[in-house]
Amino acid sequence: MLSDYSKNHQLDHVIEVESNKDTLTLSGYNKSNDSLLLRIKVKLKRYDVLAINEWHSIFNKGHFKPLPISITTVPFKVRPELDEFRTNATSGITNVGLNLDLGRWKTERYFASGKKSTHKFYGGIWLAPSVEELDSLQTRGFLAKGTASKQLFISTALTLNYTYNNFTFTFVPVGFDIATSSVGKEWIYNRERWWGFGIGLEPKFFKSN
């Protein structure tokens, strides 16, 4: 029973959970003997929920096996006021990139029905190519009036993320767009701070522990 497991047999580190309807088989270790693999069966009552919590970071062994990465886009960017330019907000899905998990708190919840939910909070680093259309005003006259030029930038940012199962909501407190061309370097927002919001997916082949 769940109450018996919680009081007398709780594992300090769970590495695998097998679910067969209302019966869970937990495999893991205890701190008292971390070389002995234990397997414990837990039977859940109708409304029981078993929650398994885990903290993991880049300083823990095995953090990058498999790669803790999600595919994320940041469609909403807000650029603070800059000189004579007012605060600028843009939207568009032109910057799909990779969001690397640096440290996470994860909770997996197992239900008597056999279902499972995963909640994860983590900080990360996001990297993506992005395309910006520049004009004379945004390059302070470097481009001739009436001329527009699409330029490639590399976007990078720090991220705060919440994942429910495989779907991720992302907040970007600080990000930068870095030019890859001489025209891009004339852009007023090149290497200037922005913040924004994003969404992402964690594919199964990238799924973290």
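Starting from the Cα-Cα distance between LEU98 and SER27, subtract it from 0.36 nm times their residue separation and give me the gain in nm to one decimal.
Values: separation 71, 0.36 × 71 = 25.56 nm, distance 3.16 nm.
Stretched out fully, the LEU98 to SER27 stretch lengthens by 22.4 nm.
Which one, ASP135, ASP48, ASP83, has the greatest fluctuation when you compute a Gaussian network model over the chain with C-alpha springs under 10 angstrom?
ASP83
Taking the Cα of ASP48, stepping 7 Å toward and past its beta carbon, and measuring to each backbone N in the range 110-124: which are under 15 Å?
Residues passing the 15 Å test: 110-115.
Would you mind getting me the FRET efficiency between PHE76 and ARG191? Use the beta-carbon distance for r and R0 = 22 Å, nearest 0.05. Please report the intermediate quantities before stating the final value.
Details: r = 20 Å, r/R0 = 0.91.
The formula returns an efficiency of 0.65 here.
Using a Cα-Cα cut-off of under 20 Å, which lysines could be cross-linked to LYS77, ignoring same-chain neighbours fewer than 8 residues away?
Answer for LYS77, where 20 Å is the Cα cut-off: LYS150, LYS185, listed by chain and number.
So if we plug the beta-carbon distance of ILE40 and PHE169 into 1/(1 + (r/R0)^6) with R0 = 35 Å, what FRET efficiency do we get, rounded to 0.05? Working shown, then result.
Working: r = 34 Å, r/R0 = 0.97.
Approximately 0.55, to the nearest 0.05.
Averaging sequence separations of C-alpha pairs under 8 Å and six or more residues apart, then dividing by the length of the chain, give the relative contact order as a whole percent. Mind dumping the intermediate values first?
Numbers: 493 pairs, mean separation 39.2, N = 209.
Rounded, it is 19 percent for the chain.
Tell me, what ³J(HN,Hα) does each residue in the range 67-74 have, in order and in whole Hz, if you take phi through Karplus 6.51 cos²θ - 1.76 cosθ + 1.60 with θ = phi - 60° and put x for Gly and Pro?
4, x, 10, 10, 8, 10, 10, 10
No lab work stands behind these numbers, since they all come straight from the coordinates. If you're wondering where the values come from, they're calculated on a predicted model, not measured in any experiment. So basically every Cβ, Gly included, is an ideal-geometry build from the backbone, and we count neighbours across all protein chains shown.
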